[in-house]
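Every number in this text was worked out from the coordinates using simple rules, so none of it is lab data. Source: prediction; values computed, not measured. Here the Cβ is made from the backbone with ideal geometry for all residues, glycine too, and neighbour counts use every protein chain on show.
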Protein chains: 4
Amino acid sequence: MPGTLTHNAYGKSQVRLTKVIRHPDRHELKELDVAIQLEGDFEASYLRGDNSRVVATDTMKNIVYVLARKEPLTDLESFGKALGGHFLGQYVHVRAAVVRLTEQPWQRLSVAGVEHPHAFIGGGPEKRTCTVSLTRDQQQIESGLEGLLLLKTTNSAFRGYIQDQYTTLPETDDRLLATELTASWQYGTNEADWNGCHALIRRTLLEVFAGHRSQSVQQTLYAMAAAALEACLAVEEITLTMPNKHRLLVNLRPFGLDNANELFVPIDEPYGLITGTVRRGGSDSVGE
Amino acid sequence: MPGTLTHNAYGKSQVRLTKVIRHPDRHELKELDVAIQLEGDFEASYLRGDNSRVVATDTMKNIVYVLARKEPLTDLESFGKALGGHFLGQYVHVRAAVVRLTEQPWQRLSVAGVEHPHAFIGGGPEKRTCTVSLTRDQQQIESGLEGLLLLKTTNSAFRGYIQDQYTTLPETDDRLLATELTASWQYGTNEADWNGCHALIRRTLLEVFAGHRSQSVQQTLYAMAAAALEACLAVEEITLTMPNKHRLLVNLRPFGLDNANELFVPIDEPYGLITGTVRRGGSDSVGE
Amino acid sequence: MPGTLTHNAYGKSQVRLTKVIRHPDRHELKELDVAIQLEGDFEASYLRGDNSRVVATDTMKNIVYVLARKEPLTDLESFGKALGGHFLGQYVHVRAAVVRLTEQPWQRLSVAGVEHPHAFIGGGPEKRTCTVSLTRDQQQIESGLEGLLLLKTTNSAFRGYIQDQYTTLPETDDRLLATELTASWQYGTNEADWNGCHALIRRTLLEVFAGHRSQSVQQTLYAMAAAALEACLAVEEITLTMPNKHRLLVNLRPFGLDNANELFVPIDEPYGLITGTVRRGGSDSVGE
Amino acid sequence: MPGTLTHNAYGKSQVRLTKVIRHPDRHELKELDVAIQLEGDFEASYLRGDNSRVVATDTMKNIVYVLARKEPLTDLESFGKALGGHFLGQYVHVRAAVVRLTEQPWQRLSVAGVEHPHAFIGGGPEKRTCTVSLTRDQQQIESGLEGLLLLKTTNSAFRGYIQDQYTTLPETDDRLLATELTASWQYGTNEADWNGCHALIRRTLLEVFAGHRSQSVQQTLYAMAAAALEACLAVEEITLTMPNKHRLLVNLRPFGLDNANELFVPIDEPYGLITGTVRRGGSDSVGE
């Protein structure tokens, strides 16, 4: 036997569902993608083609729909806990279940200023996310968002960085700062006001991004993350990823024109990629 | 000579720009993609490698930036006219210029209910579009939108269609209707309130989609298009394209559960694709 | 009635299929996407919600599978003709059927230099395409390819173009020339060796691209198109679209290094977009 | 201080480059994407906006081009080591550098059976990858491939899995097995014949996929991984990820037709996702 199977996992991805809750006066709409990965006593399927302990991924898909029918789906987190718990409860040889949920954003249409009872408009690239990781001993609930495009047209500088023989970037006191924010945060509890916390953290991230006098993406990222922890006490740790979606000043001098920070070229690549994780609680050695 | 060059055109695509207009109290942000195609006396470049009449596509890109600096960019249509007109004015051997503009949607952030002066959030997949086609004799201005996701959870039926040996689709009185709307409309004028017309047509399309008691995507499409013509007299013709973004009812009977129009699977493919063009003015033969 | 329905069409898109032909000694694999659009007497569905003449798009999908089961699928063109003909034959109120076919490329795996009987490797982004347009009076068969990435590292110049106040591009005698070729050609016949013609035209396009001493993308495009017409007499007309997938020379002088046409940055945008259509037969006025 | 910065990293992504090596008789072409992430003494930039230790990501991009000019680029692994080593050598406060390289596949064109000296055709979705992770104490070189589409039309069964109240999937002795393989392997050495190893592992993976009598994706995955370890002694560990790109048998009974494993619908979602890591050396407890 040339090798040892040191890790294995499998599951079903991109299980999509739309749920409509039909109240008398209005309908609610929820649209999700679900991905499941299971770990457990599955080695025999890899090593000997013995499938007797394999839960078919098609069966996992069926379970998603059964639970989506039974559960209220008012938030991602509760549904993720129910799904993950089902796999651990149903199959004794499953050691760990990771459920990843991604919500497609739909917003209620307004017609003549009045919310429509059953018509919706698709939201932007921003998606709400949740990953529930369960074993028989532990629950970890991580919530987040991805694809949130943000741009500010002033109060962003970048100067004072290392100048050496490879440096050509000019320093600037006033640049455009744009990013596509990914955030994920871990709760220190298994019960929380999931929708309230999500809304609060999202609002805090937006407000700090807008109001911060940025010396770098790094500094703005930390300020956003720290403020989110301060806003929502149920959260223990938050990770932000902020690609620097560059807007480059156009050089109009060849055409006899100035460009007073007015006209830019957005470029997709290359891009700076800045990440940071902030955990509740001080630590003098790192924090200062 | 084995073949005759019967058509040729060339230009520059994906010229991206960001313009910031810095008022004392707030900034405005506009982000566009521009594509240009020119037709004219360019055969010699194709047939003999004689580039003496070729406007380099890099030069076209420069012209986009020069005009973006000079023009107010308050709407796509005026900028498209200015750009197209520039090519016809600058180069006598250019016969036709087609300028296609696509606007990336950014919305002003609100912080604590107050509009922020210089922070923005990226909009959804919906984009505003405009195509200006100019020759020395004619101007055609076509405006539109694309990527507008719409979904309604009731008031959509589909029945009474042809039943033959290839038909398996069950009739339904109440299905989910979802689409990703593309609309483009042609103006009968070269001067209009471009932003006002766009907002009016968009609002009309949304309202009719939401309120229509649909017997088919076709019927809803026509109702939307006809209402748009009625709402905005400057428009002569409108074309809508409405893919049917199917949501299929999940079969839960194998699991002993009903599904009262509650749980669906969204599928991306295959999809119905419905199009129609409606022109101002009646025609009994077709219209009835 | 505010508007007249001047054009309408509908159909099914992204009908995907995989066909395996199981010979005793080896299997053949074919994978296609099919899109159908019908025109005909469908106004009542748009204007009055009367679906009595509507062929459900789900039924169209079923017809694709029934014909895919019955037809040999040895080439796209015959299958497109069969499909389009079916709709005209089955439904008297259908005036025109357009069938668009796109083939996913799979290549037989070779193991130790021997072709494997039933294992395949997915091909590149290049896809074979075909559009069959049928009415009761006319057949038009257009074949083609898309997504064919080509690059040559020399024998491409670009100079002698218009120099004016908007020109900043330096002339060059030796640049990288890269494109993503889209080609489509129209046959002057309804019966041909479709696979043989496709292979011959593709080979001719590649050979001319590789061997041409290019003065511009335009010139190379015409040379390729003219050679394709010369190679395959069944073809009447060919259209090529060649985006200029720029590779920009990196400026290494700030770092004390030269760059003798060795190191480039590939950029996706903006890009030049060059098109041309060449038709069999001379025409002095345009061709000279 | 509400929170502690427990992790941070930043860098530049999507630095693209094309290198042409101009031999007298033929040119070589190499096209890469580079992503760099640095860890080190960067807290002050996050916490206080002090950029004095920040290497601008624009500078990182410059360094990529300088080294791409100087290094031969004959394989990804050596270039990754040189790049990562440069950051550790140049900046004493950098603790770790992770360099991720992705190669765009280009193949030399053949014209009339002869390899062309300077014309190339773009390869498929398969890309060669490499991640070099360096600290002052450790080097880890991981090589791999991604996007390799594979399909076999027989010798794939799936039966004997758990049957419970959520199971509806029928067992099968003969299904289509398709996947989009991602593989990555870690070397136990810092010097190896990188190109030779890559070719050998890739060939082994293909051959085992083609020849295996599969009882499940899991079993085929393990067989492929174990064979790769056996083929290339320089590799210590390999991880394979194999999504199950389902092809579903079309039900043609409603149309009075059979379907003898001949006609399938390829679907993109949902999909099974199977992963496994195999390490050199036996372990009776897990391996049997």
Original post:
How big is the Rg/Rh ratio for the protein assembly as shown, C-alpha atoms only, Rh by Kirkwood, two decimals?
Top reply: 0.94
**OP:** Quick one: net charge around B:R100, please, counting Lys, Arg +1 and Asp, Glu -1 for every other residue with C-beta under 10 Å from its C-beta.
**Re:** -2
**OP:** Once you've got the GNM for chain D with C-alpha springs shorter than 10 Å, pick whichever of D:G196, D:G147, D:G85 has the biggest mean-square fluctuation.
**Re:** D:G196
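Tell me the net charge near B:A35. Cut-off is 9 Å between Cβ atoms, B:A35 excluded, with +1 for each Lys or Arg and -1 for each Asp or Glu.
+1
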Original post:
Over all residues in D:257-263, what is the mean tally of Cβ atoms on other chains that come within 10 Å of each residue's Cβ?
Top reply: 4
**OP:** Return the single residue from D:L32, D:L263, D:L145 with maximal mean-square fluctuation; model: Gaussian network over chain D, springs between Cα atoms under 10 Å.
**Re:** D:L263
**OP:** Relative to the compact-globule scaling 2.2 N^0.38 Å, provide the ratio for the alpha-carbon radius of gyration of chain A.
**Re:** 1.24
**OP:** Within 10 Å of each Cβ in peptide A:216-229, how many partner chain Cβ atoms are there on average? Round it to a whole number, please.
**Re:** 5
Original post:
Under the Karplus relation 6.51 cos²θ - 1.76 cosθ + 1.60, θ = phi - 60°, what is the ordered set of whole-Hz ³J(HN,Hα) values for segment A:132-147, x standing for Gly and Pro?
Top reply: 10, 10, 10, 10, 5, 9, 9, 10, 10, 10, 10, 10, x, 8, 8, x
Subject >> segment A:59-122: Rg to Rh, with Rh as the Kirkwood radius over Cα pairs >> reply: 1.16
Subject >> Beta bridges by DSSP in chain A, antiparallel share as percent, to the nearest 5 >> reply: 100 percent
Original post:
Dipole magnitude of chain C about its Cα centre, charges +1 at Lys/Arg Cβ and -1 at Asp/Glu Cβ only, in debye to the nearest 20?
Top reply: 780 debye
Original post:
Listing C:S110, A:S214, B:S45 from the residue with the fewest other Cβ atoms within 10 Å to the one with the most, what is the order?
Top reply: C:S110, A:S214, B:S45
Original post:
To one decimal in nm, how far is C:K70 from the same spot in the other copies, if labels go 7 Å from Cα toward Cβ? Please give the shortest first.
Top reply: 4.7, 6.4, 7.0
**OP:** Bin all alpha-carbon pair distances of segment B:169-231 at 10 Å intervals from 0 and give each bin's fraction as a whole percent.
**Re:** 18, 49, 22, 9, 2
Original post:
In debye, nearest 20: dipole of segment D:99-152 around its Cα centre with unit charges on the Cβ of K, R (+) and D, E (-)?
Top reply: 60 debye
**OP:** With 26 Å as the limit, write out which pairs from A:K30/D:K127; B:K30/B:K81; A:K152/C:K245; A:K70/C:K12; C:K61/D:K245 have Cα-Cα distances beyond it, or answer none.
**Re:** A:K30/D:K127; A:K152/C:K245; A:K70/C:K12
Subject >> Residue-wise HN-Hα coupling along segment D:177-183, computed from phi with Karplus coefficients 6.51, -1.76, 1.60 (Hz; x: Gly, Pro) >> reply: 10, 10, 8, 10, 6, 10, 10
**OP:** Between D:L150, D:L134, D:L169, find the one with the highest GNM mean-square fluctuation for chain D; connect C-alpha pairs within less than 10 Å.
**Re:** D:L169
Subject >> Antiparallel bridge percentage (DSSP; both residues within the protein assembly as shown; nearest 5) >> reply: 100 percent
**OP:** Would you kindly work out, in nm and rounded to one decimal, the distances from the label point of A:P24 to those of the same position in each other copy, ordered shortest first, with label points 7 Å along Cα-to-Cβ?
**Re:** 5.7, 7.4, 9.3
Subject >> Label distances, nm, A:G211 versus same residue in remaining copies, Cβ-directed 7 Å point >> reply: 4.2, 6.8, 7.1
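Within 9 Å, Cβ to Cβ, of B:W185, how many net charges do the neighbouring residues add up to if Lys/Arg are +1 and Asp/Glu are -1?
-3
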Original post:
Using Cα pairs under 8 angstrom and six or more residues apart, how large is the relative contact order of segment B:235-274, in percent?
Top reply: 51 percent
Subject >> Test item: C:27-34 mean partner chain Cβ contacts at 10 Å >> reply: 2
**OP:** Run the dipole for segment D:1-132 about the Cα centre, Lys and Arg Cβ at +1, Asp and Glu Cβ at -1, nothing else charged, and hand back the magnitude in debye, nearest 20.
**Re:** 200 debye
**OP:** Take the rotation relating chain A to chain C, measure from its axis to every Cβ in chain A, and name the nearest residue with the distance in whole Å.
**Re:** A:D268, 4
